1. Restricting the search to the stretch 136-162, which residues are in contact with a Gly (Cβ under 9 Å, 6 or more places away or on another chain) and polar (S, T, N, Q)?
2. So, of the residues in the stretch 1-29 that are at positive phi and within 7 Å of ligand 1 (Cβ to nearest atom), which turns out to be surrounded by the most Cβ atoms within 10 Å (Cβ to Cβ)?
3. What residue, of 94, 77, 105, is in contact with a helix residue (DSSP H, G or I) (Cβ under 7 Å, 6 or more places away or on another chain), modelled with pLDDT under 65 and not hydrophobic (A, V, I, L, M, F, W, C)?
4. Taking into account only those residues within the stretch 127-142 that are within 16 Å of ligand 1 (Cβ to nearest atom) and within 13 Å of residue 34 (Cβ to Cβ), which is surrounded by the fewest Cβ atoms within 10 Å (Cβ to Cβ)?
5. Just the residues that are within 9 Å of ligand 2 (Cβ to nearest atom), out of contact with any strand residue (DSSP E or B) (no Cβ under 7 Å at 6 or more places or on another chain) and among the polar types (S, T, N, Q), please, taken from the stretch 1-38.
6. Mind listing whichever residues of the stretch 163-182 are under 17 Å from the mean Cα position of the chain (by Cα) and within 20 Å of residue 215 (Cα to Cα)?
7. What are the residues in the stretch 158-169 that are out of contact with any Ser or Thr (no Cβ under 6 Å at 6 or more places or on another chain), in contact (Cβ under 8 Å) with a residue 40 or more places away in the chain and either crowded, with 24+ Cβ neighbours inside 10 Å or among the polar types (S, T, N, Q) (or both), if any?
8. Could you identify the single residue in 193, 145 that is surrounded by fewer than 18 Cβ atoms within 10 Å (Cβ to Cβ) and in contact with an Asp or Glu (Cβ under 9 Å, 6 or more places away or on another chain)?
Amino acid sequence: MKIAISGKGGVGKTTIMALLAAEFKKQGRDVLVIDADPSPHMAQSLGIRPGGVTPLADMTRLLAERAGKTPGSPFYQLNPKVNDLLRDFMLEEQGYRLMVLGAIQKAEGGCACPENHVLRKMLKKMLLDANEVVLLDMEAGVEHLGRGTVAGVDQLLIVVIPSRSSIRTALKIKQLADEVRIPRVSFVGNLVLDKEDRIFLAGGLGAEPIAFFPDSRTLRKAERQGNAVAGIEAELDRAPEILARKIQEQVQAV
Ligand SMILES: Nc1ncnc2c1ncn2[C@@H]1O[C@H](COP(=O)(O)OP(=O)(O)OP(=O)(O)O)[C@@H](O)[C@H]1O
Ligand SMILES: [Mg+2]
């Protein structure tokens, strides 16, 4: 199962992905988290030493080779070997495997082309056994969808908070996700206080989010102190558990 997350800036994508990673780990699943945000933050949310993992972007020469970029040519061949990347750039800690894409190396046209090319290939070619879950955390907004980076995922979660602007972005992301034919796209509510918030979200989105995360004092505190978010699921109205179950049900329904 390969799951990506998107949504407007600061709506809680990384937090929800980390909570989902913790939930799947608790269930005994084999969890690989890929941090594709140019300002990576996932290691901290999972309680992993940030310095322990080599970002893919630090390996630009290698990436250019893998992506088949010949010097002076803006084109990449279409067959980067991805299997050994999985081994070389993965950190195993706290029961998770973590891969970090790293700071964007702006190439011509301002695109992180080698990194995204390798990521796209990786997502498409990675073969998973039934117990494996790949969780892809991404930067805010719609760029990744525009580049087709996430075309290889089975499911896209769009995090949305009860505000008009967040709903607008979520709908735009949904439209693009449908265009690049991601098989399942679901909304996930965050910072949802009450029934009024739920109704506002469902009305604005035209669909019911599959899980609602409350505003949690403990989560905010954990972030400020640089602590992992795992272990505080109890305070979250069982939202991580519900989200994991809904994802599972949707995968089985296909
Ligand atoms: N349910 C919640 N309750 C309380 N605080 C939350 C909740 N979800 C997220 N936050 C806080 O909101 C802030 C932003 O969260 P997070 O970094 O997960 O968002 P993001 O969407 O990944 O942001 P970015 O777009 O920058 O990647 C963090 O300080 C986080 O602790
Ligand atoms: Mg984030």
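The values are calculated or read from the model by the stated rules, or taken from the named source; none is laboratory data. Computed from a predicted structure; not experimentally measured. FYI the Cβ positions are ideal-geometry reconstructions off the backbone, even for glycines, and counts take in every protein chain you see.
1. none
2. Going through the qualifying residues, I end up with 7.
3. 105
4. Across the stretch 127-142, the extreme among qualifying residues is 139.
5. 15
6. Of everything in the stretch 163-182, just one residue is under 17 Å from the mean Cα position of the chain (by Cα) and within 20 Å of residue 215 (Cα to Cα), namely 170.
7. 159, 165, 166, 169
8. Details: 145 fails: surrounded by fewer than 18 Cβ atoms within 10 Å (Cβ to Cβ).
Going through 193, 145 in turn, just one is surrounded by fewer than 18 Cβ atoms within 10 Å (Cβ to Cβ) and in contact with an Asp or Glu (Cβ under 9 Å, 6 or more places away or on another chain): 193.
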